[in-house]
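Down below is the structure, laid out as structure tokens.
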């Protein structure tokens, strides 16, 4: 069985479930809207640790600026993502705003992405699982991974104008079909 994890692109935000690339291929979809790359790593490993029926994992990394950090008053794994700067109120907004103003930078985000990718690849190899990774973020010019990984295939470029709104956004039905076709060709499904 195939496990899919990612952000709203994998979740299928804005399209009926039968048109999502995950449903076109078949498998378990644990993608969530707004999920960060840290969250994708964490939820994929958590799912695999409690389910032994998965033999292939498809990871759709999100934009690198999504970073999680724990809220001071929260139980484990309850995080504030970048969206809280624009959409949260009160304490959550203040914490997120301070983080993105004073701590976050694009170099940190890229390093964090490569760390997550390295950890994911290492974990999946240790479990002898087939995997394929793709992203919706651009690879920065002149940067490379010191972790030994190459930047994943950019499905945003593949989808092009096949989006729900003009000029970009989530893939429409045709965009999901293109992603499905790409994955099938890449992993021979």
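The values are calculated or read from the model by the stated rules, or taken from the named source; none is laboratory data. Just so you know, these numbers come straight off a predicted model, no measurement behind them. For neighbour counting, all protein chains shown are included, and Cβ atoms are generated from backbone atoms with ideal geometry for every residue, glycine included.
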Please find, within segment 156-167, the residue that is surrounded by the most Cβ atoms within 10 Å (Cβ to Cβ) out of those that are in contact (Cβ under 8 Å) with a residue 12 or more places away in the chain and in a strand (DSSP E or B).
-> 163
From the residues in segment 30-43 that are closer than 14 Å to residue 11 by Cβ and not in a loop (DSSP other than H, G, I, E, B), which one is nearest to the chain's Cα centre (by Cα)?
-> 40
Search segment 168-181 for residues that are at positive phi and surrounded by fewer than 20 Cβ atoms within 10 Å (Cβ to Cβ) and pair each with any residue that is at pLDDT below 95 and in a strand (DSSP E or B) when their beta-carbon atoms are under 6 Å apart and the residues are at least 6 apart or on different chains.
-> 169/163
Residue check, residue 124 touching a strand residue (DSSP E or B) at 6+ places or on another chain (Cβ under 9 Å), surrounded by fewer than 15 Cβ atoms within 10 Å (Cβ to Cβ) and touching a residue at least 40 places away in the same chain (Cβ under 8 Å) | no
Residue hits (segment 1-29; in a helix (DSSP H, G or I) and either surrounded by 15 or more Cβ atoms within 10 Å (Cβ to Cβ) or in contact with a strand residue (DSSP E or B) (Cβ under 7 Å, 6 or more places away or on another chain) (or both)) are 8, 9, 10, 11, 19, 21, 22, 23, 24, 25
Restricting to segment 56-105, what's the tally of residues that are assigned to a loop (DSSP other than H, G, I, E, B) and either loosely packed, with under 13 Cβ neighbours inside 10 Å or modelled with pLDDT under 85 (or both)?
-> 21
